[in-house]
Amino acid sequence: MSIRQLNASYVPEEDRVMLRFTTDTQEEYRLWLTRAVVGTLLDQTQALAVKALEQQGNVHQAKEVAQFKQQALQQSATYTQFEGAARFPLGAEPVLVRTVQAQFRENSSVLVLALARGQNLTLTLSEDLVGKLQLLLQKMSSAARWALGSPEAVYPSAPAQVAGKASEPADSPDTSTPPKVLH
């Protein structure tokens, strides 16, 4: 499955983040992420970014280069309109993600999401998509005021404002303005 768009919004009534993504095959997945899962994802996406650079031979500077790349992404990412899909393989209602496991395999990052229904959803992510997911989750943590993996905590010299192709945080479930997306 190839991810085409990412979208996330913080839902205060649930105290959760709804992560949505679409694929190149016109499928949409909707997932609930708790504070703990968002924190785990932030930690693991940072580790994946470092591991990818280590595999490219940058063992000694991998962490610094990963931080620099994430800062560059924060400054250069642009937002677009999220385009939903007509097919929902997991159903139209969001499914709770219980745990996350990240692995680096054969020059790609793999996230295995254990769902509440006893299923696993495996996502293979490019280095760019790992960075964009991390950026999106940082915005959601900030919107939720969870103080998880904020740019200041993860990358001390990063700017507080994040601009990019990530979903704008939803402080309220206002549906009058369509959500924006991270490509």
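Taken together, the values in this text are just the output of simple stated rules run on the coordinates, not laboratory data. From a predicted model like this one, the values you see are computed outputs, not experimental measurements. Note that we place each Cβ from the backbone using ideal geometry, even for glycine, and neighbour counts take in every protein chain shown.
Observations, loosely collected:
- Reported count of residues in the range 54-90, each being in contact (Cβ under 8 Å) with a residue 40 or more places away in the chain and of a type in the set (Gly, Ala, Ser), is 5.
- Within the range 1-33, the set of residues being among the β-branched types (Val, Ile, Thr) and over 18 Å from Thr122 (Cα atoms) comprises Val11, Val17.
- Checked against the criteria, Phe88 counts as closer than 17 Å to Met1 by Cβ, surrounded by 12 or more Cβ atoms within 10 Å (Cβ to Cβ) and not small (Gly, Ala, Ser).
- Residue in the range 38-60 that is part of a strand (DSSP E or B) and surrounded by fewer than 16 Cβ atoms within 10 Å (Cβ to Cβ) present: no
- The range 100-151, subset exposed (fewer than 15 other Cβ atoms within 10 Å of the Cβ) and of a type in the set (Asp, Glu), residue nearest to Ala8 (Cα to Cα): Asp128
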